[in-house]
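S.K.: I'd like to ask some things about the structure below.
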Amino acid sequence: MDALAEQYAIRVADLVVGFGQQTVIDHLSLDVRRGEILGLVGASGGGKSVLMRTIIGLIPKQSGRIDVMGRSVDGGLDSTTRAAAAMWGILFQQGALFSSLTARQNVQFPLREMLALSETLLDEIATAKLEMVGIAPDDWDKFPAQLSGGMTKRVALARALALDPAIVFLDEPTSGLDPIAAGDFDELIKTLQMTLGLTVFMVTHDLASLNTVCDRVAVLADGKIVAIGPMRELLQSEHPWVRAYFHGKRSQMLQPKAS
Ligand SMILES: Nc1ncnc2c1ncn2[C@@H]1O[C@H](COP(=O)(O)OP(=O)(O)OP(=O)(O)O)[C@@H](O)[C@H]1O
Ligand SMILES: [Mg+2]
């Protein structure tokens, strides 16, 4: 493996993705460093989820190149294979958990799919992951409908981590959570990054998350990454969309009002 492959968890070069006449990702390039938390922002409908789904092979690309952990995923590394599962875990924007399975069974699901393990071992791994994300034993056998939104996200994260992946993809993990639960979730992500050396690719609109947990933030506009860097650099950006996003009315609300 060459030095660059060791440095980057994900390398996307000149990627084009579209549906029919619509081009969603338009010659996009993006490098995600190993061990970093990268935040991805962009307009609603701008292609953040499409980009994430293309990287993990759920949506076919029209052209360009995608490397994950130093190997090409061109030709579609099937996201259901063991090799893919070892590389990444995913927390989807919608439908985070299987509604007919308990929290514990949800976490066991990928383990059952990929590994031949005894029931005892399955239980041990699942409960270790649930503990890691802060789910109490009383809640291990609850069904998704019996969990709060924040707990659901944590269980989904435990499931994403079941196979000890190198990368986790999180699609708006804190949306719908109250600010305290969102802050706790952010802290959990940061802890996992530091203790497990995880690379985190996080789509989010949450300005607090971007500020507190992301090492770098990438901005997707017009199908491309128009700006990337630490928040303090992006706040200085002259790009009109970036300015509107970070200095618009909604983000001003975070500042104390001038009297
Ligand atoms: N499977 C699909 N088939 C056709 N069009 C799709 C498909 N998936 C996404 N699109 C289109 O691609 C565009 C980008 O969608 P995407 O879900 O990536 O937006 P997003 O940036 O994640 O938005 P949000 O912030 O609202 O989640 C949209 O116009 C959407 O309608
Ligand atoms: Mg989306």
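S.K.: Looking only at residues that are under 20 Å from G45 (Cβ atoms) and among the charged types (D, E, K, R) in the range 222-242, which one is modelled with the lowest pLDDT?
M.R.: D222
S.K.: Only one residue in G150, G95 is exposed (fewer than 15 other Cβ atoms within 10 Å of the Cβ) and modelled with pLDDT under 90, so which one is that?
M.R.: Details: G150 fails: exposed (fewer than 15 other Cβ atoms within 10 Å of the Cβ).
One residue alone meets the criteria, G95.
S.K.: Related question: Output the residues belonging to the range 27-77 that are part of a loop (DSSP other than H, G, I, E, B) and more than 16 Å from ligand 1 (Cβ to nearest atom).
M.R.: Going residue by residue through the range 27-77, those that are part of a loop (DSSP other than H, G, I, E, B) are 34-36, 43-47, 56-62, 69-70, 73-77.
Hits for the range 27-77 are R34, G35, E36, M69, G70, V73, D74, G75, L77.
S.K.: Assigned to a strand (DSSP E or B) and either closer than 18 Å to C214 by Cα or within 12 Å of ligand 2 (Cβ to nearest atom) (or both): does that describe V24?
M.R.: Yes, satisfied.
S.K.: Checking L163 against (1) within 30 Å of T102 (Cα to Cα); (2) in contact with a Gly (Cβ under 8 Å, 6 or more places away or on another chain); (3) assigned to a helix (DSSP H, G or I); (4) more than 16 Å from ligand 2 (Cβ to nearest atom), only one condition comes out false. Which one?
M.R.: Every listed condition holds for L163 apart from (3).
The values are calculated or read from the model by the stated rules, or taken from the named source; none is laboratory data. Small disclaimer: the values here were computed from a predicted structure and weren't measured. Glycine also receives a Cβ, built like all others from the backbone with ideal geometry; neighbour counts cover every protein chain displayed.
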